[in-house]
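Below: one structure, written as structure tokens.
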Amino acid sequence: MNAIMIQNLKKNYGSFEVSLPRLDLRQGYVTGLVGKNGSGKTTLIRSVLGVIPKTAGTVQVLGGDITADPAIREQVGFVSETPYYIPTLTTEMVHEMVRPFYPRWDEELYQKMRAEFELPDRKIKELSKGQQKILSFLMAFCCRPRLLILDEPTANLDPSVRHRLLGYLRRYMEDEGNTILYSTHITGDLEDICDYLVGLDHGTLAFQGEKDKVLDRFRMVQGPGELLTPETRGLFLGWEQSALGFTALTDRPQEAEALLGQEVRYRRPTIEELIIYRGGNVQ
Amino acid sequence: MTILIDPTSATPLYEQIVQQIQRQILSGTLPQGELLPGVRTLAADLSVSIITTRRAYEELERDGYIKTLPGRGSIVSIENREHLLELHRQEMRGWLERAVSAAKAAGVSREEIIEQISRLYDQAGEEK
Amino acid sequence: MKPMTHNLLRREWLQYKSFGRTWLWIWVLYLGMYLLLGMAAGFVVVFLPIIMAYSAIYSAKQTGEAVNAGTEDFLLPVPLRDVLWAKYLFAFLMGSASAVVVLAAVLFQTLLNPEEAINPFYVLGVTMTYTAVITGVGMPLLYRFGATKARLTLLVLMGISAALGGSMAVVGLAAMGGVPDGAGYALTITAVVLWALMPFSLRLTERFYRRGGVDHERHPIVEA
């Protein structure tokens, strides 16, 4: 069962276009969404949520049309990259405004988390960015959604809050009916928790699949500087060179090994390296 | 059940889980018939992805250490404990042969290599 | 009333309230002015409900204060039309409440100066007609062009209506020694008709809102 099914999605913003022929998010798993700034992550998320109109294509969320069916929206929780609350409202007002619309709202959980994260009852404009993010998360999480769409959920959070938030997400995934779409630059969040990985590049799909399998298609190659020649450079998607050697990413590990042999070191990239090194010379 | 994983180790995470559970089953810490935590609970507790724990359980089942009953979960179920122990013995012998050959090439004496093995054995003794 | 309407109305009210107590002061100031200046300030009888309805719409649109403030409108598990309808309803209630305040003031004045009596239907008709116009025209404008651009148009519209209404009141009262009762009834009927036609404005607003989505103000998209 797919929590989200995308077909032939296109969204045009003048010169910039997001185009995804096919993307499915499996229910019961965490799918990480990564990509450089401007790669189209936020546009994709907004298209899925139905808060912007699509130029073309279909998106099914939890088996239906999210813009047409309020029952689906009841089951979706969203944390926006920039919190969208009106600055003059207070924490408590936001809570009161949202809560009545969600029949599965868990007030006990809200109070518990509010106390745990020490969220004060103040005007939104008086809260720090991190506190605003925590409030967004609480609003998205305490309505007990089946699908959590998170855009930079741990940005601006101190390490201890981040750790606890991730803990809540892990517990959330114990229910196989729950799904998370996790878009972030903080790839460290994804290294442990994410099952599937989707990468966007200039509005198109760069890679997708089980996270470990995706990373397995690539290798980080490290070796002495002299081995980075115009010939070998052809093997690499991106590289970096210093006086002490070079580091590069290849998506053709066998060819690299054939050409460079044992004079260099090979290992799997991290998600972070995958993003950094996919763009040519990274210096 | 205690499982401690090291994210910085070169060994893949699922492999670490497999090894530790194998060890505990063979040593009897995890007795026959013991119900193991579900893949999702295990993933949450270990802070790894669900696919990782699922893979670990699949491998353990393939190698004959556990059985997964639909709707119930995974239980420890060794068909042939002796056979599995023998497999590990063979693995050990293989590694020892390579170690001995490397030791000889490096001019390491018999006493030295025995001392090294003893030390490593004691260190590894903490994990069960 | 649909089940969630009172929650949606409450949402509009809390939002409005969060912008401050200005509305209360406007009422007090207006009443004070009217009670002090009497009929000389009568031409502003139309001002109050217009200002209040405008402020209600202003609040409904959450004008440019927060980026993507409309996200919640789209994500609430309630049809978008209902969310927008609550905004219209809120503007109506603010206009009506102000009309009642104006009416009370006028009736009070009449008690003090019976010769300056104004037909209450006239007051009601004028105030509710103008709030209908502000709401019916203002909402689609806001959701088509965004708060920044629409605000100017609305202010102009407001200014013109107020001036027209104001001058009408002054001229009417001076020339006819009071407004004929017929005008009062006609205006009240006009107000009722305009408000009955509001669903058309609502549909237009909804179409504009959906067409643009959260960035219907054409803000440049900040990609994360």
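The values are calculated or read from the model by the stated rules, or taken from the named source; none is laboratory data. Quick caveat: nothing in here was measured; it's all calculated off a predicted structure. Here the Cβ is made from the backbone with ideal geometry for all residues, glycine too, and neighbour counts use every protein chain on show. Side chains included, ligands, DNA and RNA excluded: accessible areas come from the protein's heavy atoms. Shrake-Rupley method; radii C 1.70, N 1.55, O 1.52, S 1.80 Å.
Placing unit charges on the Cβ atoms of the charged side chains and taking the dipole of the protein assembly as shown about its Cα centre, the candidate lying farthest along the positive direction among A:Ile271, A:Ser80, A:Ser160 is A:Ser80. Subtracting the Cα-Cα distance of B:Thr41 and B:Leu26 from 0.36 nm times their residue separation leaves 3.1 nm of extension gain. Dividing the convex hull volume of the alpha carbon atoms of the protein assembly as shown by its residue count gives 194 Å³ per residue.
The protection proxy used here, the mean number of other Cβ atoms lying within 10 Å of each residue, ranks peptides C:11-17, A:240-246 as follows, highest first: C:11-17, A:240-246. The stretch between C:Leu93 and C:Leu31, if pulled fully straight at 0.36 nm per residue, gains 20.5 nm over its current Cα-Cα span. For the pair A:His202 and B:Leu120, what calculated FRET efficiency results from E = 1/(1 + (r/R0)^6), where r is the Cβ-Cβ distance and R0 = 45 Å, to the nearest 0.05? The calculated FRET efficiency here is 0.30. Counting Cα-Cα pairs of the range A:217-277 in 10 Å increments starting at 0 gives whole-percent bin shares of 25, 62, 13. The calculated FRET efficiency for the pair C:Thr110 and A:Asp175, based on their C-beta separation and a Förster distance of 56 Å, comes to about 0.25.
Taking only alpha carbon atoms, chain A gives an Rg to Rh ratio of 1.03, where Rh is the Kirkwood radius. Label-to-label distance, A:Arg217 versus C:Ala196, with points set 7 angstrom from Cα along the beta-carbon direction: 6.4 nm. Just to confirm the number: angle between the C-alpha axis of helix B:81-106 and the first principal axis of chain B, 0 to 90 degrees, nearest 10? Between the helix axis and the principal axis of chain B, the angle is about 30 degrees. Compared with the alpha-carbon gap, the fully stretched path from A:Arg164 to A:Ala258 is longer by 29.3 nm at 0.36 nm per residue. Placing unit charges on the Cβ atoms of the charged side chains and taking the dipole of the range B:81-127 about its Cα centre, the candidate lying farthest along the positive direction among B:Ile113, B:Gln90, B:Ser101 is B:Ser101. Diffusion of chain B by Stokes-Einstein, at 4 °C in a medium of 1.567 mPa s and with Rh set to the Kirkwood radius over alpha-carbon pairs, works out to 79 µm²/s. Simple rule: put +1 on each Lys or Arg Cβ and -1 on each Asp or Glu Cβ in the protein assembly as shown, find the dipole, and look at C:Trp23, C:His6, A:Ser128; the Cα lying farthest toward the positive end is C:Trp23. Helix A:129-141 and the longest principal axis of the Cα set of chain A meet at an angle near 70°.
Near A:Leu237, the amide H atoms lying under 5 Å from its own belong to A:Leu249, A:Thr250, A:Asp251; only residues 5 or more places off or on other chains count, and H is placed 1.01 Å from N. DSSP bridge analysis restricted to the protein assembly as shown gives an antiparallel fraction near 70%, rounded to the nearest 5. Assuming charge only on the beta carbon of Lys and Arg (+1) and of Asp and Glu (-1), the dipole of chain B about its Cα centre is about 260 debye to the nearest 20.
Measuring nothing but protein heavy atoms, the accessible surface of the range B:13-76 at 1.4 Å probe radius is 50 percent carbon and sulfur. Calculated FRET efficiency, B:Lys104 to A:Glu272, Cβ-Cβ distance, R0 = 35 Å: about 0.25 to the nearest 0.05. Its Cα centre serving as origin, the range A:31-184 has a Cβ charge dipole (Lys and Arg +1, Asp and Glu -1) of approximately 420 debye.
For chain B, the longest principal axis of the Cα atoms and the long axis of helix B:110-124 meet at an angle of about 20 degrees. Interface of A with C. Using a 1.4 Å probe and counting protein heavy atoms only, the two chains hide about 3100 Å² of accessible surface, both sides summed.
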